[in-house]
Amino acid sequence: MSQNDKVEVIIVGAGPAGLTCAYSLAKRGAEVVVIERGEYPGAKNMFGGIFFSSIMEKIFPEFFDEAPWERFVGKRKFSILAGKSELAFDMMPSAFNEKPYNHSFITLRGTMDGWLAKKAEGAGVSIITDYCVSDFLYEKGKIVGITSGSGDEDNLLADMIVCAEGANSILTEKAKLRKKIDPERRSIAIKENMRLPQNVIEDRFGLAGRQGAAFEYFGEAVQGLLGNGFIYTNKDSLSVGVGFSLSDFIKNRNGKNPNDILEDFKSHPSIAPLLKGAEIVEYMAHMIPSDGFDSLPKLYRDGLLVIGDAAGLLNTSFFHEGVNLAMASGIYAADTIMEARRKNDFSSQTLSLYEEKLKDSFVLQDIKNCKNFLSFLHKNKSLINDYPTLMNDILVDYFRVSEKPKTAVKKEIFRKVKKNVKFTRLAREMWGAWSNLI
Ligand SMILES: Cc1cc2nc3c(=O)[nH]c(=O)nc-3n(C[C@H](O)[C@H](O)[C@H](O)COP(=O)(O)OP(=O)(O)OC[C@H]3O[C@@H](n4cnc5c(N)ncnc54)[C@H](O)[C@@H]3O)c2cc1C
């Protein structure tokens, strides 16, 4: 690149958001360069992860036959670990075990992002790797390009720049679209990819063919922090990890570091047998945005749009949906840029169309709907800690075999519940849970 090189659109970040935006633009004739700091798209990326593919399948109907997904999600389990015990809700709906498999596919980002990048390149997108954008270039206060900070020869100019740099977006701060990211607005996750022979995975998790399992664990799984542990079955490996609110971790870490929490999770009696014999082949850590609807950054300014995790577009409720929101935002950004290109007007006034499109879609409507999810759980941690423990004790008492008459057992349970639960508080919490969590 030379100091004066100029293209129509620069996209910073080759994740699902950036690549989808790039593909949509290039398909319609725009000149697009994607800049990625990793050695290759996907090199720096990780997620749990279920790739929610409804948007992906709209753009690439060949996704099911061609894309490198590991397994479809046929089995789900939501479990609470209480001490050394486990209480679980298991589901294997037949509807999720038939095409389109509830648009939910267990995936590894290294291969999936690579596949998406090939699609974008096929449409004419140029991808420059190993380049970390350190700042924007400005002309009379307007953003006109990007720089790596290592000399003019690395600078690149553009009519439009799209920031798709993910959860740890420094550039949105530099563009004054958000305040400094604070721990209240981020979760942290660490994950291991653990190799295990395919037949062992299928026998151990009771899976047939490409069927996969997505197990999520709350409560003791993350030492009562606001977050969860997870196991997802890949073809011949397991994705195993923990994720939790950064601010909750800082306040309640009890001297532990995130890796201690992962190790404790892995050694829990419900988890260890599932991992037996598995060999760690990859270790990853990443941040997850939890901005919430009321703290989202500003999404545009003259010559700049922000998409995906960089814009905080993640459904932080039980759904954990990120990639489909990221891809949808990439498409809306591309539509907006095409409109700006037609008018030859890249001002914030024209670019505000992007926010309108997000507001009309599931993206901002879902984020708005779950805006109190995390704050409600922060204030009512008994829901994830105390009640599950009590429920576990009750079930143990109820099913314990003894010569005690069952009516006496029931009376004892009732007394225990009365002693531990304030019914007015419980009613309030249940109503709160209904309004804020579901
Ligand atoms: C542990 C974990 C579990 C998750 N589980 C799920 C799940 O099961 N399902 C789901 O749908 N979502 C899940 N998510 C969320 C999902 O991963 C994100 O919502 C999604 O990846 C966002 O896509 P993106 O393109 O915006 O950002 P990213 O995927 O983070 O991509 C950003 C890209 O920008 C590059 N980059 C960053 N800074 C620069 C720079 N300065 N210069 C150049 N390149 C740069 C990065 O290397 C990266 O390639 C999970 C996230 C985590 C961390």
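The values are calculated or read from the model by the stated rules, or taken from the named source; none is laboratory data. Quick caveat, the model's predicted, so the values are computed rather than measured. For neighbour counting, all protein chains shown are included, and Cβ atoms are generated from backbone atoms with ideal geometry for every residue, glycine included.
Of everything listed in (1) over 20 Å from the mean Cα position of the chain (by Cα); (2) more than 6 Å from the ligand (Cβ to nearest atom), the single unmet condition for ILE35 is (2). Filtered by the rule that a residue be farther than 19 Å from PHE249 by Cα and either without any contact (Cβ under 8 Å) to a residue 24 or more places away in the chain or among the small types (Gly, Ala, Ser) (or both), region 181-206 gives ASN199, GLU202, ASP203, GLY206. Whenever a residue of region 298-309 is in the same structural domain as GLY322 (by TED's automatic domain parsing), its partners that are in a strand (DSSP E or B) and more than 16 Å from the ligand (Cβ to nearest atom), lying with C-beta atoms within less than 7 angstrom and at least six residues away or across chains, give the pairs ASP302/LYS142; GLY303/LYS142; GLY303/VAL144; GLY303/MET160.
Are any of the residues in region 397-419 touching a strand residue (DSSP E or B) at 6+ places or on another chain (Cβ under 8 Å), hydrophobic (A, V, I, L, M, F, W, C) and in contact (Cβ under 8 Å) with a residue 12 or more places away in the chain? Within region 397-419, none of the residues are touching a strand residue (DSSP E or B) at 6+ places or on another chain (Cβ under 8 Å), hydrophobic (A, V, I, L, M, F, W, C) and in contact (Cβ under 8 Å) with a residue 12 or more places away in the chain. Here ASP366 passes the criteria (1) in contact (Cβ under 8 Å) with a residue 60 or more places away in the chain; (2) within 30 Å of LYS77 (Cα to Cα); (3) within 16 Å of the ligand (Cβ to nearest atom) except the one numbered (1). So, LEU262, is that one closer than 24 Å to ASN392 by Cβ and of a type outside the set (Gly, Ala, Ser) or not? Taking the combined requirement at face value, the residue satisfies it. More than 10 Å from the ligand (Cβ to nearest atom) and touching a residue at least 12 places away in the same chain (Cβ under 8 Å): does that describe GLU321? Spelling it out, it is not the case that GLU321 is more than 10 Å from the ligand (Cβ to nearest atom) and touching a residue at least 12 places away in the same chain (Cβ under 8 Å). Given the condition in contact (Cβ under 8 Å) with a residue 12 or more places away in the chain, surrounded by fewer than 17 Cβ atoms within 10 Å (Cβ to Cβ) and within 22 Å of ILE331 (Cα to Cα), answer yes or no: does some residue in region 134-156 qualify? Checked region 134-156: no residue is in contact (Cβ under 8 Å) with a residue 12 or more places away in the chain, surrounded by fewer than 17 Cβ atoms within 10 Å (Cβ to Cβ) and within 22 Å of ILE331 (Cα to Cα).
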